[in-house]
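Working notes, structure below.
The values are calculated or read from the model by the stated rules, or taken from the named source; none is laboratory data. Fair warning: this is a prediction, and the values are worked out from it, not measured in the lab. Using ideal geometry, Cβ is built from the backbone for each residue, glycine included, and neighbour counts are taken over all protein chains shown.
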Ligand code: 5RP
């Protein structure tokens, strides 16, 4: 099965976690895109009554196009569920996110949600986090100083992410520093705390103790992995 088909399977299967009346966080990326497309269809064709909160400008555009009613998180009393993709998840359901540079809004929305459902394919499952470079959102001000400080904290190379030859700018006007730790993040909570102590760091792409369910597509079908509590 090709990767796109797996993404579609996982993305659509996650719609089972959404019911009429829910406030739903809408993640960002090429897997959750299929969730958003299917939710849009359910709204338009089957009377699903939800309010979505997008985690990026791209997701806001897509959700608007497919007809999902949207609201600002500030205007709601919380979210029932957020569905989002991931770059990696480990056996404890700790995540690396931010491959799509939306980690800050994704984390704000995830923290406001009662439940986090992650959509993924087998390539995202790892034993130890870090083969995927860890995205860290940093302020434009003195970003190279912050980058060097991150290198000192993590002991690895950190590269400012570029897009079309210029520094990538996030939806929040910040930049992304990608930390090439290798698969070595054995204590993601400690790593997150150490990075957040740096003044120029806005947010870290480690999503610790947030994910409740992984909807995992593989060549043998979709599996629902629930966090052991
Ligand atoms: C965006 C993210 C994405 O959820 C993550 O990069 C996974 O994306 P995809 O489903 O395209 O692989 O964290 O910031």
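The rows are residues; the columns are (1) outside any helix (DSSP H, G or I); (2) under 16 Å from the mean Cα position of the chain (by Cα).
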position: 127; (1), (2): yes, no
position: 137; (1), (2): yes, yes
position: 145; (1), (2): no, no
position: 148; (1), (2): no, no
position: 152; (1), (2): no, no
position: 172; (1), (2): yes, yes
position: 178; (1), (2): yes, yes
position: 191; (1), (2): no, no
position: 199; (1), (2): yes, no
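Report yes if residue 101 is in contact with a strand residue (DSSP E or B) (Cβ under 8 Å, 6 or more places away or on another chain), modelled with pLDDT of 95 or more and not in a loop (DSSP other than H, G, I, E, B), otherwise no.
No.
Filter region 6-17 for residues that are more than 14 Å from the chain's Cα centre (by Cα) and touching a residue at least 24 places away in the same chain (Cβ under 8 Å) and give the result.
6, 7, 8, 9, 10, 12, 13, 14, 15, 17
For region 1-23, what are the residues that are away from the ligand (no atom under 12 Å from the Cβ) and in contact with a helix residue (DSSP H, G or I) (Cβ under 7 Å, 6 or more places away or on another chain)?
Result: 12, 15, 18.
Name, by its number, the condition in (1) touching a strand residue (DSSP E or B) at 6+ places or on another chain (Cβ under 6 Å); (2) surrounded by 15 or more Cβ atoms within 10 Å (Cβ to Cβ) that does not hold for residue 167.
Exception for residue 167: condition (2).
Looking only at region 18-61, how many residues end up being surrounded by 20 or more Cβ atoms within 10 Å (Cβ to Cβ), under 17 Å from the mean Cα position of the chain (by Cα) and closer than 24 Å to residue 78 by Cβ?
Residues flagged as surrounded by 20 or more Cβ atoms within 10 Å (Cβ to Cβ), under 17 Å from the mean Cα position of the chain (by Cα) and closer than 24 Å to residue 78 by Cβ within region 18-61 amount to 15.
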